[in-house]
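A short write-up of the structure that comes next.
The values are calculated or read from the model by the stated rules, or taken from the named source; none is laboratory data. From a predicted model like this one, the values you see are computed outputs, not experimental measurements. All Cβ positions, even for glycine, are placed from backbone atoms using ideal geometry, and neighbour counts span all protein chains on display.
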Amino acid sequence: MGGYAGKVLHVDLSKGEVEKEPLDLELVKNYIGGLGASVKLAYDLIKPGTDPLSPENVIVIGVGPLVGTLAPGSSRVCAVTKLPANRAIGWAGAGGCSFGCMLKNAGYDHVVIRDRSSKPVYLKIFDDDIEICDAEGLWGEGVERTTEELWKKYGRPTGVIAIGQAGENLVKFSMAFVDRTSTLGRGGLGAVMGSKNLKAIVVKGTKGVGFSSPRFVKLCNELLERIKGHPRLREWQELGLLVSLPALPKELYLEKLKKARISCVSCPIGDKDVIQIREGRFKGLTKFTSSVVNTVMPMLYGLSYDEAIKCVAVLDDYGMDMFEFFAVIKAVNRLYDEGVITRELLESKIEYSYESLVEWAERIAYRRGFGDVLAEGLTGLAERFGREAVARATSMVKGLMAYVGPKGPVMWNRFGTMEFGQLVNPRGPHVASSGSPTYFAVRPLRDFVTHLKRMGVPDDAVRRILPRPHEWSCGLQSGLVSPSEEVGLNVGRLTRYSEDWFMVLASLGVCARAQVNRFYSAKLAAELFSALTGIEVEERELMRCGERAWNLLRAANAREGFSRKDDEPPESWFAEPTFVDYSKGAVRITKEIVDMLLNEYYEERGWNKNGVPTKEKLLELGLQKVVEDLEGLGIEV
């Protein structure tokens, strides 16, 4: 088949053995590849109740069929494992930089990592040369030095996934980094790698990726020309995510920080940053990041822009999730103020100063003193000091901070699919909870028909998602509608299709960022897949693959005991300032509205009111074994 390397690489770290398994054609037909196929492999391999940090947990890394090809913005790398932050079967996705392309060119669509090495190691994948290498000299080093040392040894282009000291010491909110730039694994993937004594994965490939029809090249070239002709392309290339998230003045970025823009392989935008501080005490500091927006987030806590960048550089080098770090600090200070945490335990309140924050980052990364408690994350704090006390301090969903909201570090008060998706996403809150037109943008409802059709949403669902005045029938036919301003967008029903679309993109290997996502459609995705692989699929069949994978991921978490109770919104969402209705910005979002949206989301998904896929839905998707698994555990379907 075109587009696929054709192999799944199984690595047993305890035995030091590797096995190459042919890629199953049924896996491809039912789950596409990338994220979808990784979910299926993880479902089959991770037994319910497995401790996330035990040797029995499995890491599945995957790249989709478009990765390594001419398709613009197709470098995405995905990982699925059981996450230590909340014990959910969770996915992680990252811009693949060079890693995704190199893995495919080495001859592998997926890597499955099992068990635990008795000593620190890294995994080397160079075409057919697979080696589990000694990493004693890298253990104890940060992400930056680890990546640089591997590049120094093996040269470039070479893809690297690495962890820092936080992952080594099993900090529950540690992450892995791709080519020292993209973050992979909110929820603790870094700790899972650390628990396996796996410091890094380094990959280089030379085999190339084939395609089945010349039409694939034609489709890619037409898509690229369309992107090149967009009137805002130059602005995106110049400013990246600052276009959508103006976290600091453009002049400051352009004149004092911007050194270069970099991109993942095949990306026409180049939305990642190389920034350099040009004045002050951190003058000369160079930072590689998936966006300058991330590096200046600590300014919300009173740090200057250069202190914020240096603080994030320290956290990234430890391999620590910046957002969870600040959520834990905020929660601890609130608990200290309330007397829940005593002076004997904490000594003094943590200051929001560069010096104090960096000191506590080190304590957490190395689990020193009270840093050992903080390293357990919000879930650990809730277990030790009470869930209600921690819930008063921060907005927590599934053991992670819901960080998009009117009081969150990413301050946004319109209630769209990303905001609602933080609740229902199986792994919990994440900035890419679901990709739809509501992503950090307020669009008139009349624009939504075009976007929803692009995302493969069927007409009957469009009518349930958008207001339904008498103009509807002709509006759907002509694409021109004038929605009633008196009725809002049904975010609950829309989220189902946003998640399915996101799953299709991640399974193909396409970047979910809006600047790339907007140029793809379900119709084009099906055409690209068919021309690339030689497997003819229609748009609806491709979307069904996304739906199947999302239902399987939900079922995997139902096996772990997750249900509607875990989708409930935090009470802090309903204290001023609160979310408002997406379309009008006037109606306050209440607990009753969220409950209604949950019911409608479950109904649109074909799940029962407890948030579990029904037997009918699972059988419709060909998941008979999943029905048997859930019923065998006494879970009502």
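Tabulated data
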read-out	value
Wholly enclosed strands (runs of 3 or more DSSP E) of the range 18-106 bearing at least 2 residues out of contact with any Lys or Arg (no Cβ under 9 Å at 6 or more places or on another chain)	59-63, 77-82
Per-region count, the range 551-582, residues surrounded by 14 or more Cβ atoms within 10 Å (Cβ to Cβ), touching a Pro at 6+ places or on another chain (Cβ under 8 Å) and either of a type in the set (Ser, Thr, Tyr) or not in a helix (DSSP H, G or I) (or both)	4
Hits in the range 1-40 (condition: free of Cβ contacts under 8 Å to residues at least 40 places away in the same chain and either aromatic (Phe, Trp, Tyr) or closer than 11 Å to Cys545 by Cα (or both))	Leu27
Breaking point among (1) under 30 Å from Met1 (Cβ atoms); (2) at pLDDT below 95, for Glu576	(1)
Residue, surrounded by the most Cβ atoms within 10 Å (Cβ to Cβ), within the range 1-17, restricted to residues that are assigned to a loop (DSSP other than H, G, I, E, B) and out of contact with any strand residue (DSSP E or B) (no Cβ under 7 Å at 6 or more places or on another chain)	Gly3
Listing of helices (runs of 4 or more DSSP H) fully contained in the range 587-637 that carry 1 or more residues being farther than 18 Å from Ala558 by Cβ	591-605
Filter result for the condition that a residue is part of a loop (DSSP other than H, G, I, E, B) and within 18 Å of Gly190 (Cα to Cα), over Arg363, Arg367	Arg367
Some residue of the range 333-340 being of a type in the set (S, T, N, Q) and in a loop (DSSP other than H, G, I, E, B)	no
Qualifying position, being in contact (Cβ under 8 Å) with a residue 12 or more places away in the chain, under 23 Å from Ala88 (Cβ atoms) and not hydroxyl-bearing (Ser, Thr, Tyr), among Val580, Val627	Val627
Within the range 279-303, considering residues that are among the small types (Gly, Ala, Ser) and in contact (Cβ under 8 Å) with a residue 12 or more places away in the chain, the one nearest to Thr146 (Cα to Cα)	Ser290
Count of the range 287-311 residues which are within 16 Å of Glu359 (Cα to Cα) and surrounded by 21 or more Cβ atoms within 10 Å (Cβ to Cβ)	6
Options Glu388, Glu419; residue that is buried (at least 24 other Cβ atoms within 10 Å of the Cβ), part of a helix (DSSP H, G or I) and not polar (S, T, N, Q)	Glu419
Selection within the range 439-453 - in a helix (DSSP H, G or I) and touching a Leu at 6+ places or on another chain (Cβ under 9 Å)	Leu445, Arg446, Phe448, Val449, Leu452, Lys453
Test set (1) in contact with a Gly (Cβ under 9 Å, 6 or more places away or on another chain); (2) surrounded by 18 or more Cβ atoms within 10 Å (Cβ to Cβ); (3) assigned to a loop (DSSP other than H, G, I, E, B); (4) not charged (D, E, K, R) - Ala327 fails condition number	(3)
Restricting the range 263-286 to residues that are surrounded by fewer than 18 Cβ atoms within 10 Å (Cβ to Cβ) and of a type in the set (A, V, I, L, M), the residue that is nearest to Thr181 (Cα to Cα)	Val274
Test result for Gly185, at pLDDT 95 or above, in the same structural domain as Gly68 (by TED's automatic domain parsing) and under 30 Å from Val373 (Cβ atoms)	no
Test result for Leu170, over 29 Å from Pro22 (Cβ atoms), in contact with a strand residue (DSSP E or B) (Cβ under 6 Å, 6 or more places away or on another chain), of a type in the set (A, V, I, L, M, F, W, C) and assigned to a loop (DSSP other than H, G, I, E, B)	no
Residue within the range 108-124 that is in contact (Cβ under 8 Å) with a residue 60 or more places away in the chain, of a type in the set (A, V, I, L, M, F, W, C), outside any strand (DSSP E or B) and under 15 Å from Met193 (Cα atoms) present	no
Residues (of a type in the set (Gly, Ala, Ser), closer than 16 Å to Phe325 by Cα and at pLDDT 90 or above) located in the range 396-439	Gly399
From the options Gly492, Gly546, residue that is buried (at least 19 other Cβ atoms within 10 Å of the Cβ), part of a helix (DSSP H, G or I) and at pLDDT below 95	Gly492
